[in-house]
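Undergrad: Quick one: this structure, given as structure tokens, is what I'll be asking you about.
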Amino acid sequence: MPAIEVNDLRKSYPKRIPLPFRPVEWVEALKGVSFKVEKGELFGLLGPNGAGKTTTIKILTTLLEPSGGSAKVLGYDVVTQAREVRRRINLVAEGERTLYWRLSAYENLRYFASIYYVPKDEAEKRIRELLQLVGLWERRNDLVMGFSRGMKQRLAIAKALINDPEVLFLDEPTLGLDVQSAVFVREFVERLVREEGKTVLLTTHYMAEAEKLCDRIAIIDHGRIIALDTPENLKKLVSEGETVEIRVKNLRSEKVKAVDERLTVSGEDPTRGTLVLRGNLDEEDLPKVVESLIKAGAKVLSVERVEPTLEDVFIKLTGRALRD
Ligand SMILES: Nc1ncnc2c1ncn2[C@@H]1O[C@H](COP(=O)(O)OP(=O)(O)OP(=O)(O)O)[C@@H](O)[C@H]1O
């Protein structure tokens with residue numbers, strides 16, 4: 001039995017608050033999404049803002065009912081057996097606001113342990129273990145209010161483990177974290193899967209994160225899965241030697257698309273006035289694109305063939321860049 005099984009999942013939201021005698025307009029956030037996650041797998045949903053990642057997670061964690069299709073977690077239907085699902089899962093939501101800022105780290109976990117009916121002695125043991133694991137034991141009596149964003153996220157993860165869930169859902173777990181905290185969260189999640197045998201489904205719009213962490217990745221765009229595979233296989237969708245990086249001067253980033261649709265800006269150094277452009281270009285196209293850049297007034301500093309990343313895969317599949 002897979003840990004998660006999603007079949008032709010659909011979700012529409014009303015575009016605005018419905019008014020009487022006005023036809024309701026719908027936004028189709030999910031247009032028939034299907035995938036399976038095996039037990040002990042670290043699975044990523046990767047896509048740009050608004051792709052439908054949070055909607056998928058909300059349905060899988062029973063917070064939202066689908067408009068169509070079905071989903072099962074550990075064999076239980078998320079609509080008709082929601083209680084069974086909830087008992088066995090937990091969620092770290094995007095922009096964690098479910099901690100009580102006026103309580104201490106310890107009090108938060110104590111409270112959430114009681115919600116899950118964790119027996120008192122067991123709860124004490126688990127809280128201590130979890131706070132030690134996320135490096136907050138020394139700060140257990142401090143109010144969450146005074147915690148940094150990274151500390152809050154670590155506590156949110158500890159909170160999500162309080163019921164010892166088999167499946168853990170993480171919505172953008174490193175969004176807005178400083179580099180050090182993001183590394184901690186990634187390593188911690190990896191350990192949960194590799195050492196504790198948990199199943200993790202995470203969403204992210206950081207390609208590098210998905211590429212490094214996940215066993216398999218579903219790339220989601222406009223409510224549809226457009227590719228699903230291991231990071232290595234996904235990268236094979238872009239032929240070897242096809243990705244180029246072009247460093248230019250004297251070109252504004254807004255002008256790049258006008259020069260060539262296939263180019264995206266992957267880096268910018270405002271102090272030097274340089275841009276790094278990327279594109280999937282074969283041998284014939286490359287000189288033409290360089291010529292167009294020069295015609296547009298750019299000074300081409302270097303042209304280099306590079307290893308494709310998941311970003312290049314996304315661009316190849318959608319014609320757009322993944323970043324905001
Ligand atoms: N409550 C809602 N009412 C109306 N439309 C919504 C609602 N929630 C989401 N949407 C729309 O559904 C689509 C998918 O949103 P969703 O939040 O699932 O995307 P996402 O991939 O998680 O993006 P993000 O990373 O920005 O959260 C978007 O077009 C969004 O505007």
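Undergrad: For region 59-77, state whether one or more residues are more than 24 Å from F188 (Cβ to Cβ), open to solvent by 60 Å² or more (accessible area, probe 1.4 Å), part of a strand (DSSP E or B) and in contact (Cβ under 8 Å) with a residue 40 or more places away in the chain.
TA: yes
Undergrad: Looking at region 249-278, which of its residues are out of contact with any strand residue (DSSP E or B) (no Cβ under 6 Å at 6 or more places or on another chain), open to solvent by less than 90 Å² (accessible area, probe 1.4 Å) and not aliphatic (A, V, I, L, M)?
TA: K257, D260, D269
Undergrad: Let me ask something else. Would it be correct to say that D282 is charged (D, E, K, R) and either touching a helix residue (DSSP H, G or I) at 6+ places or on another chain (Cβ under 6 Å) or under 30 Å from I59 (Cβ atoms) (or both)?
TA: For D282, the condition - charged (D, E, K, R) and either touching a helix residue (DSSP H, G or I) at 6+ places or on another chain (Cβ under 6 Å) or under 30 Å from I59 (Cβ atoms) (or both) - is not met.
Undergrad: Only one of L19, L64, L42, L9 is of a type outside the set (V, I, T), at pLDDT 95 or above and over 18 Å from A227 (Cα atoms); which? Quick ask: steps written out before the conclusion?
TA: Details: L19 fails: at pLDDT 95 or above; L42 fails: over 18 Å from A227 (Cα atoms); L9 fails: over 18 Å from A227 (Cα atoms).
Matching residue, one of L19, L64, L42, L9: L64.
Undergrad: Right, here's the next one. What are the residues in region 78-122 that are within 19 Å of L168 (Cα to Cα), among the hydrophobic types (A, V, I, L, M, F, W, C) and buried (at least 16 other Cβ atoms within 10 Å of the Cβ), if any?
TA: Those that are within 19 Å of L168 (Cα to Cα), among the hydrophobic types (A, V, I, L, M, F, W, C) and buried (at least 16 other Cβ atoms within 10 Å of the Cβ): V78, A82, V85, I89, L91, V92, A93, L99, L109, F112, A113, V118.
Undergrad: I've got another one for you. When residues of region 130-182 are filtered for being away from the ligand (no atom under 16 Å from the Cβ), of a type outside the set (A, V, I, L, M) and free of Cβ contacts under 8 Å to residues at least 60 places away in the same chain, how many remain?
TA: Looking only at that region, the number is 19.
Undergrad: I'd like the full set of residues that are of a type in the set (S, T, Y), within 16 Å of the ligand (Cβ to nearest atom) and touching a Gly at 6+ places or on another chain (Cβ under 7 Å), limited to region 198-227.
TA: Quick first cut of region 198-227, residues of a type in the set (S, T, Y) only: 199, 203-204, 206.
Narrowing further to those that are within 16 Å of the ligand (Cβ to nearest atom): 203-204, 206.
Scanning region 198-227 gives a single hit, T204.
Undergrad: Something else now. Within 20 Å of C214 (Cβ to Cβ), within 14 Å of the ligand (Cβ to nearest atom) and assigned to a helix (DSSP H, G or I) - does that describe any residue in region 45-53?
TA: Within region 45-53, the subset within 20 Å of C214 (Cβ to Cβ) is 45-49, 51-53.
When the remaining residues are screened for being within 14 Å of the ligand (Cβ to nearest atom), the result is 45-49, 51-53.
Filter once more, keeping what is assigned to a helix (DSSP H, G or I): 53.
Checked against the condition, which is being within 20 Å of C214 (Cβ to Cβ), within 14 Å of the ligand (Cβ to nearest atom) and assigned to a helix (DSSP H, G or I), region 45-53 yields at least one hit.
The values are calculated or read from the model by the stated rules, or taken from the named source; none is laboratory data. In this text, all values refer to a predicted model and were calculated from it rather than measured experimentally. Positions of Cβ are generated from backbone atoms using ideal geometry, with glycine treated the same way; all protein chains shown enter the neighbour counts. Note: areas computed on protein heavy atoms with side chains; ligands, DNA, RNA excluded. Shrake-Rupley method; radii C 1.70, N 1.55, O 1.52, S 1.80 Å.
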